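As structure tokens, the structure follows; a few thoughts come after it.
The values are calculated or read from the model by the stated rules, or taken from the named source; none is laboratory data. As the structure is a prediction and not an experimental result, all values here were calculated from the model. Virtual Cβ from ideal backbone geometry, glycine too; neighbours counted across all protein chains shown.
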């Protein structure tokens, strides 16, 4: 079984938005295409510059879904994404349109393709106890505790990934089972056509990342984060403020009255490169994907051809 949609994925700054918009416009004479965003940062209202959000003009020209749907004080999960995306795919198909899923949040793609694990719900009391333990013992000690009870998950997570380390510890305390064992209990896989934009030369992507981060700063990214901080109801521990770029700017504003723009730019670029590396690692674990070299010639033409071919195959399959 395959989901009746086409997916366009790729690391940050690989050109997904440009390719998707060009493809949708080219296909409009055949059938309207609606874009479903697969991006955990684009869901947040008021976070426009640092997320490289499609412009209002682009969204007026082409229908986008799952952008600006919640306030930054709220949380959005992979489970909710699967629910929303599945509903939207059905609605778009019933309108006689084609659904194109575009983004780089690989956890969302994985949840949609492979199903959700039977994870225990969050427990406020356990979370509060773990948060207190984090304050008294520090994150390295928490990571070491995870290594003892769940070495598979501890190996997979970065030692500085506070959110996921605490969640893994929480799952063990609630269920008595390692997170890694629960994650093996996936539902039947449902893989739609997946087109992946990947660079042949990693240096090309690194240059794009640096240019885009510098452009964000020039466009007012610092003021955007200052405005979010000034609200008074957000904190650096919230999922919205842990987004790459926002986290680095928030931390810099916490630690210094006068910002060192050069250092801040280097930190933001380095964090974005690490994100891209993780995204590429996930993509390369998907053998059924169709790869387009995003740093090669005619990338938009190649991507359009694959998207059109995949949509026509969907129609032929009924």
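Summary table
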{"read-out": "Check on residue 73, buried (at least 17 other Cβ atoms within 10 Å of the Cβ) and in a loop (DSSP other than H, G, I, E, B)", "value": "no"}
{"read-out": "Test for residue 281: is it within 25 Å of residue 20 (Cα to Cα), in the same structural domain as residue 18 (by TED's automatic domain parsing) and without any contact (Cβ under 8 Å) to a residue 24 or more places away in the chain", "value": "yes"}
{"read-out": "Entirely in segment 220-295, the helices (runs of 4 or more DSSP H) that have 1 or more residues that are modelled with pLDDT of 95 or more and touching a strand residue (DSSP E or B) at 6+ places or on another chain (Cβ under 9 Å)", "value": "261-283"}
{"read-out": "Unique match (being within 30 Å of residue 203 (Cα to Cα), in the same structural domain as residue 296 (by TED's automatic domain parsing) and either in contact (Cβ under 8 Å) with a residue 60 or more places away in the chain or not in a strand (DSSP E or B) (or both)) among 57, 22", "value": "22"}
{"read-out": "Filter pass, residue 229 being closer than 19 Å to residue 73 by Cα, surrounded by 14 or more Cβ atoms within 10 Å (Cβ to Cβ), assigned by TED's automatic domain parsing to the domain that holds residue 47 and free of Cβ contacts under 8 Å to residues at least 60 places away in the same chain", "value": "yes"}
{"read-out": "Lone qualifier among 170, 132 - being in contact with a helix residue (DSSP H, G or I) (Cβ under 6 Å, 6 or more places away or on another chain) and either touching a residue at least 40 places away in the same chain (Cβ under 8 Å) or over 30 Å from residue 197 (Cα atoms) (or both)", "value": "170"}
{"read-out": "Members of segment 93-122 that are modelled with pLDDT of 90 or more and either assigned to a loop (DSSP other than H, G, I, E, B) or farther than 30 Å from residue 316 by Cβ (or both)", "value": "95, 96, 97, 104, 105, 107"}
{"read-out": "Pairs, first farther than 16 Å from residue 116 by Cβ in segment 84-98, second part of a helix (DSSP H, G or I), C-beta under 6 Å, six or more apart", "value": "98/311"}
{"read-out": "Set 49, 67, 36: member being modelled with pLDDT of 95 or more, assigned by TED's automatic domain parsing to the domain that holds residue 276 and buried (at least 22 other Cβ atoms within 10 Å of the Cβ)", "value": "36"}
{"read-out": "Residue count for segment 240-263, restricted to those that are touching a residue at least 24 places away in the same chain (Cβ under 8 Å), in contact with a helix residue (DSSP H, G or I) (Cβ under 9 Å, 6 or more places away or on another chain) and buried (at least 16 other Cβ atoms within 10 Å of the Cβ)", "value": "10"}
{"read-out": "Matching entry among 125, 129, 60 (being farther than 22 Å from residue 169 by Cα and more than 20 Å from the chain's Cα centre (by Cα))", "value": "60"}
{"read-out": "Count of segment 184-208 residues which are crowded, with 17+ Cβ neighbours inside 10 Å and either outside any helix (DSSP H, G or I) or at pLDDT below 90 (or both)", "value": "8"}
{"read-out": "Some residue of segment 148-157 being closer than 17 Å to residue 77 by Cα, modelled with pLDDT of 85 or more and outside the structural domain of residue 287 (by TED's automatic domain parsing)", "value": "no"}
{"read-out": "Single match in 125, 141, 145 (criterion: surrounded by 15 or more Cβ atoms within 10 Å (Cβ to Cβ) and either touching a residue at least 60 places away in the same chain (Cβ under 8 Å) or in a helix (DSSP H, G or I) (or both))", "value": "145"}
